[in-house]
């Protein structure tokens, strides 16, 4: 994207983002009826495959008068301080010049009508009020569960296909999203490292051999010539990464067919992905050779060299970069922040700890399989570090110190209140050596995130923060990805507007690592209308894990009054947020997503997205990326841990 285009987009979007009334129409005719009639006409035009003609002029004029607009003024990139007027009329000539305009308008009106006419049922479940979208699951939601009652809910979701993944038998990879390639090629054809590792939790149980294939596929990606060169460059000269901008670094997105990075994605500074991958690869060695787990690599002779090379590459990469302070774009892969991110640091620290365990745990010293693979790992081009246990320990401790210092801020001084921190509480790390203090700190983190970021249909990715541009300008930046009307031709004032969509389409889910581009996209957002994401299930899992820490620490005795209070607080949080997670599963039939495409039944959306309603306001519909594999496994994994916890609490007579 050229600098001139960026500048024009920034000015245009800031101008267009000024607040105005939402969808409104002349009182002479109800806007819903106008939309319905136009939708019927547009559907026929799409089915006939014809262009707009003179016969359409009258009803298009009425649609424009009721729900559209004739013109829109925006800053002129060629004349600073001046404006230019865009023609936004819904005339046959204008529409025929806009690609696929009949389908775009059809999907726009269908989506707005869906938001208007199909409100969810709001239910009070214990201490929370939530929209319940799937009534079959909703009938099983309870303010408190026993093991039997929750098992019924979990099994019902399984029977409805809520957790079904699409796994490639050759690569072992789960498709990032269940959407078709024709609907969204970005999400269906590309592979994210993070999503691959996250879905491994499910595949380890359901398809152990497939998980081993997936790990080998990841290793083949990490050791292809392009990524190997990126590793070698950063390890030899870390400043190429730390000062070289977001293009530098090892990619976290690739094409499964070629195992090559996406050439159109320019942000390679998402470090959390690689920390998760390192942990998964190292754990598969220990699982197979030490514990004989079916999903691990049990035969040292059969372990592919590329697995070992990837482990050595990743370990040396993180150490060279000084990972606790390395710039990173984090989970949301937008603009990288200096000084490192808290969850990224923990993901990498945990991965290094898994490597250290395999390489230096004395309990494995007599295992000949482990001994052989340890030697092969040290012999890799970047493998010498793996034999220096004291150095690994220093780096693991450095990560732990950083996380404990900044656990309430993802990017200290930049974007602090970020839902990525939920993964910190739902991981295996600790915030203090004393078990009760560790649980108390984690509960403080979880409660802070819940109060700041949880909404009715999920969790927003981050709270608005101040972004400083390269020229020193400061702009307020709420989360604009999947913001209101993100996939349809309705503008900030709630008017049907194809020019607005044209500008939005310049962004899509493309790279937003340049602060100016990020700010331009942020100017699209509508206040308090951020997309609401699936991470409430990870929030629930975080609460479950704190409860189980307390139970583990009692070693069979009855908990003290303080321990009991922590346990009850944690379990209430787990129940509350797991109910939120199940409430956001899509209905059993019918309904549309945020892009006008039919929503699959009983599916876990990546996010629920806001769209305009008639005559005003907004409502949430399932996001375009429904289902999302990571979201499915997030709910599945949280449910499994919650059920296991229920069984333990019942056996101990400790259910609140």
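The values are calculated or read from the model by the stated rules, or taken from the named source; none is laboratory data. Computed from a predicted structure; not experimentally measured. So basically every Cβ, Gly included, is an ideal-geometry build from the backbone, and we count neighbours across all protein chains shown.
Residue 354 versus (1) part of a helix (DSSP H, G or I); (2) farther than 30 Å from residue 461 by Cβ: which is the lone unmet condition?
Looking at each condition in turn, residue 354 falls short on (2).
Mind counting the residues in segment 254-277 that are more than 18 Å from the chain's Cα centre (by Cα), in a strand (DSSP E or B) and either touching a residue at least 60 places away in the same chain (Cβ under 8 Å) or not assigned by TED's automatic domain parsing to the domain that holds residue 203 (or both)?
Of all residues in segment 254-277, those more than 18 Å from the chain's Cα centre (by Cα) come to 255-264, 266.
Subsequent filtering for residues that are in a strand (DSSP E or B) retains 255, 260-261.
Cutting the leftovers down to either touching a residue at least 60 places away in the same chain (Cβ under 8 Å) or not assigned by TED's automatic domain parsing to the domain that holds residue 203 (or both) gives us 255.
Adding up the residues that qualify gives 1.
Kindly provide the set of residues from segment 606-641 that are surrounded by fewer than 22 Cβ atoms within 10 Å (Cβ to Cβ) and part of a loop (DSSP other than H, G, I, E, B), ordered by number.
613, 615, 616, 617
Between 532, 474, 499, which is over 25 Å from residue 420 (Cα atoms), touching a strand residue (DSSP E or B) at 6+ places or on another chain (Cβ under 6 Å) and modelled with pLDDT of 75 or more? Spell out how you get there, then give the answer.
Working: 532 fails: over 25 Å from residue 420 (Cα atoms); 474 fails: over 25 Å from residue 420 (Cα atoms).
499 is the lone residue from the list that is over 25 Å from residue 420 (Cα atoms), touching a strand residue (DSSP E or B) at 6+ places or on another chain (Cβ under 6 Å) and modelled with pLDDT of 75 or more.
What residue, of 201, 227, is crowded, with 20+ Cβ neighbours inside 10 Å and in the same structural domain as residue 253 (by TED's automatic domain parsing)?
On the way: 201 fails: crowded, with 20+ Cβ neighbours inside 10 Å.
Within the list 201, 227, the selection yields 227.
Of the conditions (1) under 26 Å from the mean Cα position of the chain (by Cα); (2) closer than 16 Å to residue 268 by Cβ, residue 346 satisfies every one except a single condition; which number is it?
(2)
Does segment 211-234 contain at least one residue that is closer than 29 Å to residue 137 by Cβ, modelled with pLDDT of 95 or more and part of a helix (DSSP H, G or I)?
Within segment 211-234, the subset closer than 29 Å to residue 137 by Cβ is 211.
Next, only the ones that are modelled with pLDDT of 95 or more stay: 211.
In the following step, the residues that additionally are part of a helix (DSSP H, G or I) were identified as 211.
Checking segment 211-234: at least one residue is closer than 29 Å to residue 137 by Cβ, modelled with pLDDT of 95 or more and part of a helix (DSSP H, G or I).
Can you name the condition, by its number, that residue 596 falls short on among (1) over 21 Å from residue 530 (Cα atoms); (2) not in a helix (DSSP H, G or I)?
Among (1) over 21 Å from residue 530 (Cα atoms); (2) not in a helix (DSSP H, G or I), residue 596 violates only (1).
Does any residue of segment 567-578 turn out to be more than 24 Å from residue 124 (Cβ to Cβ), buried (at least 19 other Cβ atoms within 10 Å of the Cβ) and modelled with pLDDT of 95 or more? So that I can check it myself, show each step before the final result.
To start, the set of residues in segment 567-578 that are more than 24 Å from residue 124 (Cβ to Cβ) comprises 567.
When the remaining residues are screened for being buried (at least 19 other Cβ atoms within 10 Å of the Cβ), the result is 567.
From what is left, the residues that are modelled with pLDDT of 95 or more are 567.
Yes; the residues of segment 567-578 include at least one that is more than 24 Å from residue 124 (Cβ to Cβ), buried (at least 19 other Cβ atoms within 10 Å of the Cβ) and modelled with pLDDT of 95 or more.
Working carefully through the options 251, 280, find the one that is within 25 Å of residue 606 (Cα to Cα), modelled with pLDDT of 95 or more and assigned to a loop (DSSP other than H, G, I, E, B). Break it down into steps so the answer makes sense when it comes.
Details: 280 fails: assigned to a loop (DSSP other than H, G, I, E, B).
None of the other options fit; the residue is 251.
From 259, 218, 165, grab the single residue that is crowded, with 20+ Cβ neighbours inside 10 Å and either out of contact with any strand residue (DSSP E or B) (no Cβ under 7 Å at 6 or more places or on another chain) or at negative phi (or both). Break it down into steps so the answer makes sense when it comes.
Details: 259 fails: crowded, with 20+ Cβ neighbours inside 10 Å; 165 fails: crowded, with 20+ Cβ neighbours inside 10 Å.
None of the others qualify; the one that does is 218.
Look at residue 81 and say whether it is modelled with pLDDT of 95 or more, surrounded by fewer than 19 Cβ atoms within 10 Å (Cβ to Cβ), on the phi > 0 side of the Ramachandran plot and not in a helix (DSSP H, G or I). Let's see the steps before the verdict.
Values: modelled with pLDDT of 95 or more: no; surrounded by fewer than 19 Cβ atoms within 10 Å (Cβ to Cβ): yes; on the phi > 0 side of the Ramachandran plot: yes; not in a helix (DSSP H, G or I): yes.
Taking the combined requirement at face value, the residue does not satisfy it.
List every residue pair whose Cβ atoms sit under 8 Å apart, with the two residues 6 or more apart in sequence or on different chains, where the first one lies in segment 606-622 and is on the phi > 0 side of the Ramachandran plot and the second, anywhere, is at pLDDT below 95 and in a loop (DSSP other than H, G, I, E, B).
Matching pairs, first to second residue: 617/22.
Any residue at all in segment 318-327 that's outside any helix (DSSP H, G or I), in contact (Cβ under 8 Å) with a residue 24 or more places away in the chain, crowded, with 19+ Cβ neighbours inside 10 Å and in contact with a helix residue (DSSP H, G or I) (Cβ under 7 Å, 6 or more places away or on another chain)? Reasoning before the result, please.
Of the residues in segment 318-327, the ones outside any helix (DSSP H, G or I) are 322, 326-327.
So of that shortlist, the ones also in contact (Cβ under 8 Å) with a residue 24 or more places away in the chain come out as 322, 326-327.
Still in the list and also crowded, with 19+ Cβ neighbours inside 10 Å: 326-327.
When the remaining residues are screened for being in contact with a helix residue (DSSP H, G or I) (Cβ under 7 Å, 6 or more places away or on another chain), the result is 326-327.
Yes, that holds for at least one residue.
Do we find that residue 637 is modelled with pLDDT of 95 or more, under 30 Å from residue 441 (Cα atoms) and within 21 Å of the chain's Cα centre (by Cα) in this structure? Walk me through how you get there before you give the answer.
Numbers: modelled with pLDDT of 95 or more: yes; under 30 Å from residue 441 (Cα atoms): yes; within 21 Å of the chain's Cα centre (by Cα): yes.
So residue 637 fits the description; yes.
Is there a residue in segment 454-474 that is closer than 17 Å to residue 530 by Cα, in contact with a helix residue (DSSP H, G or I) (Cβ under 9 Å, 6 or more places away or on another chain), surrounded by fewer than 20 Cβ atoms within 10 Å (Cβ to Cβ) and free of Cβ contacts under 8 Å to residues at least 60 places away in the same chain?
Yes; the residues of segment 454-474 include at least one that is closer than 17 Å to residue 530 by Cα, in contact with a helix residue (DSSP H, G or I) (Cβ under 9 Å, 6 or more places away or on another chain), surrounded by fewer than 20 Cβ atoms within 10 Å (Cβ to Cβ) and free of Cβ contacts under 8 Å to residues at least 60 places away in the same chain.
Within segment 611-623, take every residue that is out of contact with any helix residue (DSSP H, G or I) (no Cβ under 6 Å at 6 or more places or on another chain) and modelled with pLDDT of 95 or more and give me the one that is nearest to residue 456 (Cα to Cα). Quick ask: steps written out before the conclusion?
From segment 611-623, those out of contact with any helix residue (DSSP H, G or I) (no Cβ under 6 Å at 6 or more places or on another chain) are 616-618, 620, 622-623; that's our starting set.
The next check asks that each one be modelled with pLDDT of 95 or more; those that pass are 620, 622-623.
Details: 620: 10, 622: 13, 623: 15 Å.
So the residue we want is 620.
Residues that are more than 18 Å from residue 202 (Cα to Cα), within 22 Å of the chain's Cα centre (by Cα) and free of Cβ contacts under 8 Å to residues at least 12 places away in the same chain: find the helices (runs of 4 or more DSSP H) completely inside segment 133-191 holding 1 or more of those. Can you show your working first?
Details: elements: 135-138, 147-159, 185-189.
Passing ranges, in order: 185-189.
Since residue 557 meets every condition but one in (1) out of contact with any strand residue (DSSP E or B) (no Cβ under 6 Å at 6 or more places or on another chain); (2) in a loop (DSSP other than H, G, I, E, B); (3) at pLDDT 95 or above, which condition does it not meet?
Against the list (1) out of contact with any strand residue (DSSP E or B) (no Cβ under 6 Å at 6 or more places or on another chain); (2) in a loop (DSSP other than H, G, I, E, B); (3) at pLDDT 95 or above, residue 557 comes up short only on (3).
Could you tell me whether segment 44-64 includes any residue that is farther than 18 Å from residue 495 by Cβ, within 37 Å of the chain's Cα centre (by Cα) and in contact (Cβ under 8 Å) with a residue 24 or more places away in the chain?
Yes, that holds for at least one residue.
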